[in-house]
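One structure is given here, and the rest of the page talks about it.
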Amino acid sequence: MLDQSPKDEKYPSGARHASALLTQKDGRRVIVTQAGDPRGNNPAEDTPLPLTPKQLTVVATSQVWDPHTRALPEPAADIPTSPPVSKMAAQQISSLIMRLLPRGLEAERSRGSQDFGHVIVDDGHGKSLVAATVQQWPHHESSLDEVFKKADILPDGTRMISRKGPAARGGKGTVRWEVDTLSKNGVRVVVSAVNARAYQLPANRANPALSLEQLRRIAIDPAWQTVDGS
């Protein structure tokens, strides 16, 4: 799995953090990461990363790691051996969010990582970050049973659960409203909104710009089931 995202989410177009994750059949993993602005001098500046995603993949999948991973203890039985795979690229996700937003909102597209996209919306009462994660999980993945233990079951078999609470990595006074869905074919869509224009920034409004019901409508839209969001 390849991932690329802002190193500091206060600067979504600034220095980036990239990683390549290799999960072997027995559950052992190799993770290779690189970051722009390694000394933290200017996180707002988008400096080119030294390795391309392809080169990062070559490092992570090199056989040079084999003797070291074989020397590791056996993975615990509850470590999932079939991680999710990316369903859409960041640009596709943010484009689809833009298309599914309720009318009357001003929106500006932003960046994200491979299976994570976000936009900034404004309903006239302050800017609010709206984000979505889209992943393809293996059928009947047991590790998700606990996550969706108390979920509502929709007529088509999709499981859906809503959450409200403090925003993880959020600034002072931020809250995050979230709708998490898992369809019968393993496509998981998580749509969320916070009452700030970015994570790690203080709240600039009382609540997120979208209600839970509006987030639900976005999360269960059939467009997420296509690979390209079209």
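Residue pairs whose Cβ atoms lie under 6 Å apart, separated by 6 or more positions or on different chains, with the first residue in the range 7-29 and at positive phi and in a loop (DSSP other than H, G, I, E, B) and the second of a type in the set (Ser, Thr, Tyr) and modelled with pLDDT under 70, are Gly27/Thr81.
In summary, strands (runs of 3 or more DSSP E) completely within the range 134-221 and bearing 1 or more residues that are within 23 Å of Leu105 (Cα to Cα) and among the polar types (S, T, N, Q) occur at 159-166, 187-194. Is at least one residue of the range 134-147 open to solvent by less than 30 Å² (accessible area, probe 1.4 Å) and in contact (Cβ under 8 Å) with a residue 60 or more places away in the chain? Yes. Which residue, of Gly186, Gly173, is surrounded by fewer than 18 Cβ atoms within 10 Å (Cβ to Cβ), closer than 18 Å to Thr226 by Cα and either among the aliphatic types (A, V, I, L, M) or over 14 Å from the mean Cα position of the chain (by Cα) (or both)? After applying the criteria, what remains is Gly186.
Results for (1) open to solvent by 40 Å² or more (accessible area, probe 1.4 Å); (2) among the polar types (S, T, N, Q); (3) in contact with a helix residue (DSSP H, G or I) (Cβ under 7 Å, 6 or more places away or on another chain); (4) modelled with pLDDT of 70 or more, shown as yes or no for each residue.
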| residue | (1), (2), (3), (4) |
| --- | --- |
| Lys7 | yes, no, no, no |
| Tyr11 | yes, no, no, no |
| Val32 | no, no, yes, yes |
| Arg39 | yes, no, no, no |
| His68 | yes, no, no, yes |
| Ala89 | no, no, no, yes |
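Given the criteria among the hydroxyl-bearing types (Ser, Thr, Tyr), open to solvent by 20 Å² or more (accessible area, probe 1.4 Å) and either closer than 19 Å to Val85 by Cα or assigned to a strand (DSSP E or B) (or both), does Ser128 qualify? Answer is no for this residue. Looking only at residues that are of a type outside the set (Gly, Ala, Ser) and within 15 Å of the chain's Cα centre (by Cα) in the range 91-107, which one is most open to solvent (accessible area, probe 1.4 Å)? Ranking the qualifying residues of the range 91-107, first place goes to Gln91. Candidates in the range 152-167 are the residues that are touching a residue at least 24 places away in the same chain (Cβ under 8 Å) and hydrophobic (A, V, I, L, M, F, W, C); of these, the one that is most open to solvent (accessible area, probe 1.4 Å) is Leu154. Among all residues of the range 99-106, there is at least one that is in a loop (DSSP other than H, G, I, E, B) and of a type in the set (A, V, I, L, M).
The values are calculated or read from the model by the stated rules, or taken from the named source; none is laboratory data. As the structure is a computational prediction, the values presented were derived from the model and not from experiment. So basically every Cβ, Gly included, is an ideal-geometry build from the backbone, and we count neighbours across all protein chains shown. Calculation scope for accessible area: heavy atoms of the full protein, side chains included, ligands and nucleic acids excluded. Shrake-Rupley method; radii C 1.70, N 1.55, O 1.52, S 1.80 Å.
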